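Have a look at the structure below, then the notes.
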Amino acid sequence: MGWHSAREGERPLQRRGRGGAVTAAAVSPQSVTGVFCPAHTDAALVSCGLERGRFLISDVPFPGSAVTVLKRSPLCPAKLGRATPGERGAQPGVAAAVAVLLEAACGRVLLTRRAATLRHFPGVWVPPGGHLEPGEEARLCPSPCEVSAVAWLEPLVLEAIAATEDGSEGSGSGSFPTDLPATVGITELSADGFRSSQIPTGILLRRAPARGPDLERVSTGTKFALGRWRAGPGQRDRE
């Protein structure tokens with residue numbers, strides 16, 4: 001199948017065949033994951049690494065590469081042949097994403113709820129992240145204009161979140177283990193300060209709706225990252 005590479009800020013996706021020829025194709029609305037997996041699946045085992053300032057993804061190992069799983073959402077607009085994500089009105093903001101999970105010594109993992117005023121995925125739970133803006137400090141200090149709540153979630157809840165599959169027609173949380181707590185504690189942020197509150201655990205187990213407006217839930221990419229974290233180092237590169 002060949003190699004693919006992309007440099008930050010570039011839109012083309014370059015393909016390097018075994019014969020050395022290079023051709024270019026537009027990234028959007030092409031699904032990079034779809035290049036490496038059959039049309040009916042959403043994950044592929046690939047080799048990736050840096051070479052002369054370019055990030056390469058290949059279906060065969062190459063010097064200095066590492067094996068990992070490449071995955072897309074079952075509702076990926078490029079997979080479904082749509083230039084934009086359905087009826088939600090949001091334009092594609094990023095070509096790829098990286099999640100960094102912050103785990104406490106007790107096994108809890110920190111998630112943040114995106115502010116309702118954000119253009120992309122408002123009210124969706126994701127790992128902490130974002131750009132370091134001028135004047136900001138490199139420390140954990142969520143801004144109410146970007147984050148509306150934070151929560152340290154226990155392993156039992158995290159495993160249940162990772163087990164939910166996006167791509168279902170239904171948007172409800174469905175059934176979940178009876179030993180899960182009915183609610184989880186969160187800290188809500190506002191311009192006036194912090195406030196402790198509870199939300200139903202089922203909110204975090206919701207699936208992404210196939211159409212229509214989005215809803216408060218854990219993002220598809222976060223579920224994938226939690227599943228990889230839950231699997232442990234020995235299982236992360238198996239699919």
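The values are calculated or read from the model by the stated rules, or taken from the named source; none is laboratory data. Note that the structure is predicted; figures quoted are calculated from it, not measured. Glycine gets a Cβ as well: all are built from the backbone with ideal geometry, and neighbour counts include every protein chain shown.
Can you tell which of GLU136, GLU154 is acidic (Asp, Glu) and modelled with pLDDT of 90 or more?
GLU154
Only residues that are in contact with a helix residue (DSSP H, G or I) (Cβ under 9 Å, 6 or more places away or on another chain) and modelled with pLDDT of 80 or more: list them for region 11-40, please.
Within region 11-40, VAL32, THR33, GLY34, ALA39 meet the criteria.
Name every residue in region 178-191 that is touching a residue at least 12 places away in the same chain (Cβ under 8 Å) and not in a strand (DSSP E or B), in order of residue number.
If the condition is that a residue be touching a residue at least 12 places away in the same chain (Cβ under 8 Å) and not in a strand (DSSP E or B), then ASP179, LEU180, PRO181, ALA182, ALA191 are the ones that fit.
Considering (1) of a type outside the set (Asp, Glu); (2) modelled with pLDDT of 95 or more; (3) in a strand (DSSP E or B), say which one PHE194 fails and leave the rest.
For PHE194, the failing item is (2).
For GLY130, all conditions in the list (1) part of a loop (DSSP other than H, G, I, E, B); (2) surrounded by 11 or more Cβ atoms within 10 Å (Cβ to Cβ); (3) at pLDDT 85 or above hold save one; what is the number of the exception?
GLY130 satisfies every listed condition except (3).
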